[in-house]
Amino acid sequence: MITYDIIRKCPKVELHDHLDGGLRVRTIIELAEKDGIDLPTYNETALHDYLVKGCQQKSLTLYLEAFRITTAVMQSRENLVRVAREAVEDLAKENVVYAEIRFAPALHTEKGLNLEEVVTAVLKGLEEGKKKTGVETGLILCAMRNEDPSLSLDIAELAVAFREKGVVGFDIAGDEYGHPPKKHLDAFQYIRNKNFNITIHAGEAFGLESIWQAIQLCGAHRIGHGVRLVEDMVTEGGAIRKMGSLAHFVNDRRIPLEMCLTSNIGTGAAESYQSHPFPIFFKNGFRVFLCTDNRLMSDTTLTKEMEIAVREYGLGIRDLEKITINAMKSAFIHHDEKIRIIYDVIKSGYNKLRSEYGIS
């Protein structure tokens with residue numbers, strides 16, 4: 001039996017982690033008190049319960065309300081540096097060896113910071129976190145689906161401008177309903193013309209069309225969530241009996257799917273762990289891996305997500321290793337760096353665990 005302690009020691013790779021979805025509750029309170037920001041409560045336990053109840057009650061409205069609170073305390077250089085540094089520190093506690101953290105710079109300009117200042121502050125925090133923990137990180141900049149396409153182009157240009165300073169990719173997030181990614185084609189075409197990296201939230205709240213647009217029109221190299229791809233399959237007892245052209249394309253091209261189990265259940269993208277399509281994708285050879293999405297709002301860690309997969313889907317230590325390698329292969333860094341981390345850090349770490357615990 002793979003215990004929680006063993007899973008915690010496993011080397012991990014995190015590729016879908018929102019900066020404003022992973023703050024420490026104590027940090028929110030301290031920053032709010034410092035800046036005179038109203039909170040529903042200043043009691044740490046009570047505020048934690050308030051921020052996670054959206055996920056627990058499967059209420060998207062409450063889930064999104066929590067972000068209003070976290071972004072409110074992320075409007076200054078000092079606060080952004082601290083939040084980013086602590087994110088890396090918290091990931092290190094779960095033995096994450098490489099992480100890509102994402103956020104929407106436009107949500108952090110309410111008190112006068114410009115977009116460049118916002119990104120610079122977050123990169124500074126990530127670098128401080130790396131110096132303290134050794135965890136390597138990349139930053140993904142998000143545009144928002146509901147905003148004017150001209151702003152998403154600004155964010156795309158910003159991402160490319162910072163590509164040599166720690167930004168590794170471009171994303172578009174927000175409500176899929178009524179906001180298809182094709183409305184932001186100028187931004188995606190700019191990224192593609194600059195030989196840069198694209199991941200897109202798709203197939204979470206909306207179906208196959210959203211995934212198809214993300215890949216075929218916008219050029220996504222990875223898909224955030226993608227749970228609705230199961231609608232292009234006929235399955236029986238966990239096996240895929242038939243796939244449509246989109247599912248075949250995703251599998252044949254090895255397009256990675258960033259799976260976020262607890263978050264998907266909390267937002268209603270999946271009914272339960274038992275009905276989540278992750279085990280179907282994983283056991284039938286799709287390139288999938290586990291992510292947290294929003295560690296605070298979903299009250300989770302990557303260790304917890306792996307533990308859920310072991311408990312619910314019967315995964316073993318080699319499965320966890322494969323998931324981790326899948327993630328590293330899908331990271332937005334250069335090939336030689338991926339290979340170094342896979343062999344020198346991930347494979348080496350799992351071999352040591354097997355030896356330490358006598359796992360065959």
Using the charge dipole of region 1-76 (Lys, Arg: +1 at Cβ; Asp, Glu: -1 at Cβ; taken about the Cα centre), state which of Ile69, Ala46, Ile7 has its Cα farthest towards the positive end.
Ile7
Do me a favour and compute the ellipsoid semi-axes for region 120-174 from its Cα gyration tensor, root of five times each eigenvalue, largest one first, whole Å.
25, 11, 8
Estimated 222 nm signal from helices in the chain, with DSSP H stretches of n ≥ 4 weighted -39500 (n - 2.57), rounded to 500:
-14000 deg cm²/dmol
What stretch of the chain, leaving out the sites themselves, is the longest with no GluC sites (Glu not before Pro) in a DSSP loop having at most 13 other Cβ atoms within 10 Å?
1-109
Give me the mean projected area, in nm² to one decimal, of the convex hull enclosing the Cα positions of region 1-114.
8.4 nm²
So if each residue of separation counts as 0.36 nm, and I subtract the Cα-Cα distance between Ser275 and Met1, what length gain in nm does that give?
96.3 nm
Loop-resident trypsin sites (Lys or Arg not before Pro) in region 254-360 with no more than 13 other Cβ atoms inside 10 Å, DSSP not H/G/I/E/B, are Arg254
How long is the gain from Tyr42 to Lys111 if the chain were fully straight, where each residue apart is worth 0.36 nm and the alpha carbon distance is subtracted?
22.6 nm
When the convex hull of its Cα atoms is projected in every direction, mean area for the chain (nm²):
17.1 nm²
Short to long, in 10 Å steps from zero, the percent of alpha-carbon pairs of region 285-352 per bin is 19, 46, 31, 3
How far apart, in nm, are two points set 7 Å out from the Cα along the Cα-to-Cβ line at Asp148 and at Lys329?
4.3 nm
Taking 0.36 nm per residue of separation between Ser355 and Lys242 and subtracting their Cα-Cα distance, the length gained on full extension comes to 36.7 nm
Expressed in whole Å with the largest first, what are the equivalent ellipsoid semi-axes of region 165-320 derived from the C-alpha gyration tensor as the square root of 5 times each eigenvalue?
25, 18, 15
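Quick note: the coordinates plus some simple rules give every number you see, no bench work behind them. As the structure is a computational prediction, the values presented were derived from the model and not from experiment. Cβ sites come from the backbone with ideal geometry, for glycine too, and all protein chains shown count toward neighbours.
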